[in-house]
Structure formats: C-alpha cells, structure tokens
1. Give 123, 183, 207 a once-over and let me know the one that is modelled with pLDDT of 90 or more and in a helix (DSSP H, G or I).
2. Given the criterion among the hydrophobic types (A, V, I, L, M, F, W, C) and touching a helix residue (DSSP H, G or I) at 6+ places or on another chain (Cβ under 6 Å), identify the matching residue among 109, 122.
3. If we scan segment 9-19, do we find a residue that is in contact with a helix residue (DSSP H, G or I) (Cβ under 7 Å, 6 or more places away or on another chain), more than 26 Å from residue 139 (Cα to Cα) and surrounded by fewer than 17 Cβ atoms within 10 Å (Cβ to Cβ)?
4. What tally of residues in segment 87-98 results from selecting those that are touching a residue at least 24 places away in the same chain (Cβ under 8 Å) and either touching a strand residue (DSSP E or B) at 6+ places or on another chain (Cβ under 7 Å) or of a type in the set (A, V, I, L, M, F, W, C) (or both)?
5. Among 186, 203, which is closer than 22 Å to residue 108 by Cβ, surrounded by 15 or more Cβ atoms within 10 Å (Cβ to Cβ) and in contact with a helix residue (DSSP H, G or I) (Cβ under 9 Å, 6 or more places away or on another chain)?
6. Taking segment 187-199 only, how many residues are free of Cβ contacts under 8 Å to residues at least 24 places away in the same chain and either among the charged types (D, E, K, R) or part of a helix (DSSP H, G or I) (or both)?
7. Output the residues belonging to segment 126-140 that are of a type in the set (A, V, I, L, M), out of contact with any Leu (no Cβ under 8 Å at 6 or more places or on another chain) and at pLDDT 90 or above.
8. I need the helices (runs of 4 or more DSSP H) fully contained in segment 1-109, keeping only those with at least 1 residues that are basic (Lys, Arg) and within 22 Å of residue 207 (Cα to Cα).
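The values are calculated or read from the model by the stated rules, or taken from the named source; none is laboratory data. Bear in mind the structure is a predicted one, so any value in this text is a computation, not a measurement. All Cβ positions, glycine included, derive from the backbone under ideal geometry; neighbour counts span all protein chains shown.
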Amino acid sequence: MADQKIQTVLRLLVWLVAIVLILTIVLAWWQYTDDYNFFQDTISTLGGTTNLSGGENTISSMIFSIGLYTSGGIALIVAIIYFFKKDLFFHTGKAIIALFVAIGPIGVAIPRDNEDLLIFHAIGAAIFIGSFGILNGVMQLLRYSNKHRPKNKEEKKNFDFYLDLSMVYLTGIAILFYLIAFILHIAFSIELFGYGHALAQKIVVIISCVAVFFLDKDDM
C-alpha cells in the first residue's frame, strides 16, 4: 500500500512545477521589452538577454532563468522520491521522465541569444517541453486505466469517464503534435501550419498545466 502522505506531497510538487512554470512565463512576458507574438515567437524568446529587436531584456531573462531552474529543481525532488519509493505504481518510469523534466532547464535557461551555447539551449528546450508533456500524458493514461478499467462490459460510462478519457487524448495529441513540429523544424526547416514548434510548445505547456490539476493523490 502506497504511503498516502508521500502521494499527497508528490501531487503538490507536480502541481508546483506547473504553477512555477506558469508564473515564470507570465512574469517574463510582462517584463519583456518588445512586442511578443504568441503564435510565432517561442517561449524561450522571453529569456533572451536581448529582445528580437536587439534591445536590452535583462529582467525578463533573469525571471525566465530563475523560474526554469526552480521548476527543474522541484522536478528533481519528484524524480528522487519516485526512485526511492518503490511501492508507488510505475515509480521507475515516472522517476526517469521527471528526471528529464529536471535536466531540461539546465539547457533551456541559457539565453537563446547566446550563439555559442544555442545548441544546448535548443536541446534543453526540447527535453523540458517534451518530457513535461510526456509525464503528464503518462499520468493521465495511468489514471484513466486504474480508475476506469472495466469490471464488466455493461459498466455505465459517466461524466468522469469521458473527462479522464479527454485528458488522455488531449495530452497525447499535444505531445505528438509537438514532436512532429519539432522534427520538421529541426530536420527540414518546415513550420507546421505556418507556426510550427513555437505554437506546438505552447499547446503542450497549456494542456499539461491544465491537465495536471485533474490528478488526484492516488494517481501519483
């Protein structure tokens, strides 16, 4: 039997990753010193030491880096707990994915206008966004499977069933869209639907940050 207190702590920590990420983006956007195109500009545009017009963007950059490192630090705690709490369901898989969520900010927090380290920034961004989306997708799938595994074929499907199923589909489609858009962008310089990975990463973040609050402590 899994420790209920640990599960409660894990749920709060996973929620906190999303909350810190949301606050980071909102505050960095607020302090961004240029016009920000939501559909065309990547999230990490907010973290550059200069804006896209070449002007200074120090405060937004600091907020972005501190916020990303904080989210990564919280994710690392989540990963450590999962590694050591072997009574938690699918603990190893969740630990590995959470570890990638923690590693990603090391790269993505590097300002995107640092050309010497741009490759590490891009890799970090892909790891962070991708693993954050995958972690949410896995948790939603496990929640659906554990909660709605049919006891009999005539079991009535209620609102919760369709809500949980919707979360599974939304998180799955979001991460698939992001992976396709990212590969097309990196390999062929093609922007899917004209906006490509810049829009795809926001879709993953938005859906994941909403879906995570549907998780109960028993889903941890």
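1. 207
2. Result of the check over 109, 122: 109.
3. The first filter runs over segment 9-19 and keeps only residues in contact with a helix residue (DSSP H, G or I) (Cβ under 7 Å, 6 or more places away or on another chain), leaving 10-11, 13-18.
After this cut, where a residue has to be more than 26 Å from residue 139 (Cα to Cα) as well, the list is none.
No: segment 9-19 contains no residue that is in contact with a helix residue (DSSP H, G or I) (Cβ under 7 Å, 6 or more places away or on another chain), more than 26 Å from residue 139 (Cα to Cα) and surrounded by fewer than 17 Cβ atoms within 10 Å (Cβ to Cβ).
4. Our first condition is that a residue be touching a residue at least 24 places away in the same chain (Cβ under 8 Å); within segment 87-98, this holds for 87-90, 93-94, 97-98.
In the following step, the residues that additionally are either touching a strand residue (DSSP E or B) at 6+ places or on another chain (Cβ under 7 Å) or of a type in the set (A, V, I, L, M, F, W, C) (or both) were identified as 88-90, 97-98.
Result for segment 87-98: 5.
5. Numbers: 186 fails: surrounded by 15 or more Cβ atoms within 10 Å (Cβ to Cβ).
Going through 186, 203 in turn, just one is closer than 22 Å to residue 108 by Cβ, surrounded by 15 or more Cβ atoms within 10 Å (Cβ to Cβ) and in contact with a helix residue (DSSP H, G or I) (Cβ under 9 Å, 6 or more places away or on another chain): 203.
6. Step one: of segment 187-199, the residues free of Cβ contacts under 8 Å to residues at least 24 places away in the same chain are 187-194, 196.
Then keep just the ones that are either among the charged types (D, E, K, R) or part of a helix (DSSP H, G or I) (or both); that gives 187-188, 191-194, 196.
Counting residues in segment 187-199 that are free of Cβ contacts under 8 Å to residues at least 24 places away in the same chain and either among the charged types (D, E, K, R) or part of a helix (DSSP H, G or I) (or both) gives 7.
7. Initially, segment 126-140 is screened for residues of a type in the set (A, V, I, L, M), giving 126-127, 129, 134-135, 138-139.
Pick out the ones that are also out of contact with any Leu (no Cβ under 8 Å at 6 or more places or on another chain) and you get 126-127, 129, 134-135, 138.
127, 129, 134, 135, 138, listed by residue number.
8. Values: elements: 4-31, 58-84, 91-108.
Counting at least 1 such residues, we get 4-31, 91-108.
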